[in-house]
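A short worksheet on the structure shown next.
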Amino acid sequence: MNKNNFTKVMAMAVILLFSAGIVLGQAGRGVARMGGDVVDKDGKPVPGAKVTAVFDQPGGSTFETTANKKGEWVFMGLGTGNWLVTAAAKGYLPVTVSTYLRQLEKNAKVIVKLEKQAAGSGVVEDEATFQTLEEGNAFFKDGKYDTALTMYEEFLSKNPGAYQVLLNIGDCYREKGEYDKAIEKYNQLVEQAAGDVTMRKNLSAKGLAAIGLCYLKQGKLTESQDYFKKSIEMAPQDENLPYNVAEIYFSSQNTDEAIRYFKIAIQIKPDWPDPYYRVALAYLNKGDNAKAAENLEKFIKLEPETERSAQAKAILEAIKK
């Protein structure tokens with residue numbers, strides 16, 4: 001590659017990296033359709049269940065609907081990528097499943113199976129306070145962490161069994177830079193999740209990863225790596241955990257660690273395009289154009305006709321000149 005082409009490639013990669021927050025903030029919109037059923041453990045429909053789909057990237061789009069009498073639900077206008085689908089109904093434990101959507105193919109039906117709620121397992125006693133929780137989420141998204149914290153704590157005081165909100169509370173303290181308080185809340189989450197048969201692994205893994213991020217923000221690399229490792233070991237089949245850890249390292253300009261965790265995500269879910277694209281950009285940062293090209297080609301094969309694939313093709317073309 002001549003000097004001009006190399007400069008062009010690196011400039012494009014830098015623009016993509018530093019505009020990631022803007023791109024992701026608009027992510028999740030497209031023409032894909034996603035539908036499915038909410039059922040109980042016997043396969044019977046759970047009518048009236050609230051279904052939420054969240055694009056699994058920071059600032060990603062959110063869609064909400066209610067299952068019909070047959071437990072069926074559908075969303076339109078979704079983008080290519082990984083989506084987290086959560087179903088919740090009175091008397092049942094909320095369940096979140098991950099699914100990957102493509103624009104130009106028929107996507108498989110998403111079945112969410114709910115189990116009856118046992119005493120003490122994330123019980124919401126005052127359903128009217130869900131509005132408080134949603135308002136807290138909105139304030140958090142706007143960076144108003146003190147207000148969000150007040151909302152979350154109010155919700156928890158009225159629903160002490162809904163311990164999952166400790167993750168949100170910890171996030172507020174983390175964004176405020178009060179890392180000790182954040183870690184305290186995350187540890188409380190992990191401790192309470194230990195007695196929750198249904199949610200234990202998922203919530204514990206999230207809590208451990210959150211602790212790792214607190215240590216990383218404080219420059220305590222050894223501690224952060226230990227907690228990230230524990231998080232992934234807790235839920236080894238969840239490709240989102242190593243991917244999110246990789247993004248954390250990427251944003252901290254720790255390219256080698258970012259590459260390592262992106263590759264773990266690829267090993268867990270080899271047909272997921274996102275980590276191929278991001279690891280290609282990481283390799284570009286290291287000046288390893290051969291590996292960058294290799295991963296861009298894999299990404300384009302998995303996601304051939306999107307805005308991101310057009311960007312990937314442009315970078316790949318410049319690399320090969």
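Looking only at segment 161-181, residues that are in contact (Cβ under 8 Å) with a residue 24 or more places away in the chain, basic (Lys, Arg) and part of a helix (DSSP H, G or I) come to 1 in all. Across segment 193-210, a minimum of one residue is classified as assigned to a helix (DSSP H, G or I), of a type in the set (Lys, Arg), touching a residue at least 12 places away in the same chain (Cβ under 8 Å) and buried (at least 20 other Cβ atoms within 10 Å of the Cβ).
As a summary of the residue check, Val279 satisfies the conditions (1) β-branched (Val, Ile, Thr); (2) at pLDDT 90 or above; (3) within 30 Å of Asp180 (Cα to Cα) except for the one numbered (3). Scanning segment 221-262 for residues that are more than 14 Å from the chain's Cα centre (by Cα), within 18 Å of Ala280 (Cβ to Cβ) and not in a helix (DSSP H, G or I) yields Gln253, Asn254. How many of the residues in segment 30-67 are more than 25 Å from Arg102 (Cβ to Cβ) and surrounded by 15 or more Cβ atoms within 10 Å (Cβ to Cβ)? Selection size over segment 30-67: 5.
Quick one: which residue in Ala210, Ala182 is at pLDDT 90 or above, farther than 26 Å from Gly81 by Cβ, out of contact with any Pro (no Cβ under 8 Å at 6 or more places or on another chain) and of a type in the set (A, V, I, L, M)?
Answer to the check: Ala182.
Looking only at residues of segment 118-135 that are modelled with pLDDT under 80 and of a type in the set (Val, Ile, Thr), we find that the one that is surrounded by the fewest Cβ atoms within 10 Å (Cβ to Cβ) is Val123. Within the option set Lys206, Lys181, Lys229, Lys141, being of a type in the set (Lys, Arg) and over 30 Å from Trp272 (Cα atoms) holds for one residue only, Lys181. Across segment 31-80, which residue is farthest from the chain's Cα centre (by Cα) among those that are under 24 Å from Phe140 (Cα atoms) and β-branched (Val, Ile, Thr)? Out of the qualifying residues, it is Thr65.
Any idea how many residues of segment 56-72 are over 20 Å from Lys113 (Cα atoms) and either in a loop (DSSP other than H, G, I, E, B) or at pLDDT 90 or above (or both)? Within segment 56-72, residues that are over 20 Å from Lys113 (Cα atoms) and either in a loop (DSSP other than H, G, I, E, B) or at pLDDT 90 or above (or both) number 6. Confirm whether Asp256 is of a type outside the set (Phe, Trp, Tyr) and touching a strand residue (DSSP E or B) at 6+ places or on another chain (Cβ under 9 Å). When the stated conditions are applied, Asp256 does not pass them.
In this structure, Lys298 does not satisfy being part of a helix (DSSP H, G or I) and over 28 Å from Val31 (Cα atoms). Mind checking whether some residue in segment 136-144 is small (Gly, Ala, Ser), modelled with pLDDT of 85 or more, out of contact with any helix residue (DSSP H, G or I) (no Cβ under 7 Å at 6 or more places or on another chain) and outside any helix (DSSP H, G or I)? Yes, there is a match, as at least one residue in segment 136-144 is small (Gly, Ala, Ser), modelled with pLDDT of 85 or more, out of contact with any helix residue (DSSP H, G or I) (no Cβ under 7 Å at 6 or more places or on another chain) and outside any helix (DSSP H, G or I).
Does Ala290 meet the test of being touching a residue at least 12 places away in the same chain (Cβ under 8 Å) and part of a helix (DSSP H, G or I)? Taking the combined requirement at face value, the residue does not satisfy it.
Scanning segment 80-117 for residues that are in a loop (DSSP other than H, G, I, E, B) and either without any contact (Cβ under 8 Å) to a residue 60 or more places away in the chain or exposed (fewer than 15 other Cβ atoms within 10 Å of the Cβ) (or both) yields Ala89, Lys90, Gly91, Pro94, Leu104, Glu105, Lys106, Ala108, Lys109, Glu115, Gln117. When Asn187 is tested against (1) at pLDDT 90 or above; (2) buried (at least 21 other Cβ atoms within 10 Å of the Cβ), only condition (2) is not met. For the condition more than 25 Å from Cys214 (Cβ to Cβ) and either polar (S, T, N, Q) or modelled with pLDDT under 90 (or both), Gly161 qualifies. Within segment 216-237, one or more residues are crowded, with 18+ Cβ neighbours inside 10 Å and in contact with a Pro (Cβ under 8 Å, 6 or more places away or on another chain).
The values are calculated or read from the model by the stated rules, or taken from the named source; none is laboratory data. Small disclaimer: the values here were computed from a predicted structure and weren't measured. With ideal geometry, Cβ positions are generated from the backbone for all residues, glycine too; neighbour counts draw on all protein chains shown.
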